[in-house]
């Protein structure tokens, strides 16, 4: 990893803890003058002569004015999060007090940090690669055990390690191919084409596996959008309330009660499901507001990752359900057919809809077979189970780069199969290395970095 490509020599400061009132708030400084600025405010002892990784209790003052009693922790370069001198001030969690300390630091020479700038400096100073840096943001945003575990694994280099091993092998063969170009007139081959072919096969397999993992990785990171669709009075709002175990949506016997979409989030076995209760869909209504609700329901249906088609087993027959299923298949939607209000006629309903082996019969009102519905939802989006120990791609930028890598590897494979010369293979190999480097950050530009780190919170 390149060292300090940003060329920064200034010192930054920001609140590292969440804004608002709390017991304590942590202010972070990083840069060549970080410890000196903290020392200028901390009058209890000389921080400049203290060992790295030590914490000190004392008072903070500025121009003779007492700011707070605090704990200052010192981290000396390069043994810090950013690779620079770092000082962290743990003060009382009054927003006013914390702002006064930050302003005092700025008067002593620090500037306010941009979003993600501490982690960006860690990347530029070689403390982590770009994939690991992005995993830091994922960890901060994690809200399930699966997303937390996956983010920690990637932050600790799980994803990067898989890529670096592949990249190192490719670099070795690339060097031999490039060497052949220097001896083109002698017509010699330094790179064993048979071994190189095996490596490309291995790279293609690994890349395909990573691409395949994105479906689950994206679900773990962002959750699953589930639209609950059906005719009026099918029990959609009752099902939402039952799944949430609270009365979130208004339920009544009057058809068309739900006029707009209602969205809530539920955690099922470590996966987030973003449930959308929609207005009942019917073709003819004179109610303008209901018509708008139906239009929004259709929009949510097309946008959803998964559609639950909920119907009243007493109101719909097998032919009608077949027509619904054909429509979903035609539109390419992932769907789950769920027959509701089957508590008193379970056996009759099974016989009535025997042609639909994947149909699930429930009673939302009586909470019958709701656990089976939840298990089915998890199974549909994570058919192989959730293995957070495996390397998962969770970042859309990484996925796009892996797609480009896959195409570049296919070009190299075609060249090897056609036994083309090294000078024609070399550009395709360099293309493969480029896309691997795009992920880990060996190849970046300032605009790309600014965009990536701008999505971080300030202070991280």
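The values are calculated or read from the model by the stated rules, or taken from the named source; none is laboratory data. Just so it is clear, the model here is predicted, and its values are computed rather than measured. Cβ: placed from backbone, ideal geometry, glycine included. Neighbour counts: every protein chain shown.
When you check residue 321 against the structure, is it assigned by TED's automatic domain parsing to the domain that holds residue 239, under 30 Å from residue 137 (Cα atoms) and buried (at least 20 other Cβ atoms within 10 Å of the Cβ), yes or no?
Numbers: assigned by TED's automatic domain parsing to the domain that holds residue 239: yes; under 30 Å from residue 137 (Cα atoms): no; buried (at least 20 other Cβ atoms within 10 Å of the Cβ): yes.
Spelling it out, it is not the case that residue 321 is assigned by TED's automatic domain parsing to the domain that holds residue 239, under 30 Å from residue 137 (Cα atoms) and buried (at least 20 other Cβ atoms within 10 Å of the Cβ).
Tell me whether segment 312-319 contains one or more residues that are modelled with pLDDT of 85 or more, assigned to a strand (DSSP E or B) and closer than 16 Å to residue 380 by Cα.
If we filter segment 312-319 for residues that are modelled with pLDDT of 85 or more, which is where we start, we get 312-319.
Okay, now just the ones that are also assigned to a strand (DSSP E or B), so 312.
Next, from what is left, pick out any that are closer than 16 Å to residue 380 by Cα: none.
For segment 312-319, residues modelled with pLDDT of 85 or more, assigned to a strand (DSSP E or B) and closer than 16 Å to residue 380 by Cα: absent.
Closer than 22 Å to residue 133 by Cβ, in contact (Cβ under 8 Å) with a residue 24 or more places away in the chain and surrounded by 17 or more Cβ atoms within 10 Å (Cβ to Cβ), is that true of residue 38? Working first, answer last.
Working: closer than 22 Å to residue 133 by Cβ: no; in contact (Cβ under 8 Å) with a residue 24 or more places away in the chain: yes; surrounded by 17 or more Cβ atoms within 10 Å (Cβ to Cβ): yes.
Judged against the criteria, residue 38 is not a match.
For residues that are loosely packed, with under 15 Cβ neighbours inside 10 Å and modelled with pLDDT under 75, tally how many sit in segment 451-460.
2
Between 72, 49, which is surrounded by fewer than 19 Cβ atoms within 10 Å (Cβ to Cβ) and farther than 17 Å from residue 121 by Cβ?
Numbers: 72 fails: surrounded by fewer than 19 Cβ atoms within 10 Å (Cβ to Cβ).
From the options 72, 49, the qualifying one is 49.
Residue 143 fails exactly one of the following numbered conditions: (1) in a helix (DSSP H, G or I); (2) surrounded by fewer than 23 Cβ atoms within 10 Å (Cβ to Cβ); (3) modelled with pLDDT under 80. What is the number of that condition?
(1)
Which numbered condition in (1) under 21 Å from residue 266 (Cβ atoms); (2) exposed (fewer than 12 other Cβ atoms within 10 Å of the Cβ) is the only one that residue 347 fails?
Among (1) under 21 Å from residue 266 (Cβ atoms); (2) exposed (fewer than 12 other Cβ atoms within 10 Å of the Cβ), the lone unmet condition for residue 347 is (1).
Might you check whether a residue that is modelled with pLDDT under 95, crowded, with 23+ Cβ neighbours inside 10 Å and under 30 Å from residue 441 (Cα atoms) occurs anywhere in segment 86-103?
For segment 86-103, residues modelled with pLDDT under 95, crowded, with 23+ Cβ neighbours inside 10 Å and under 30 Å from residue 441 (Cα atoms): absent.
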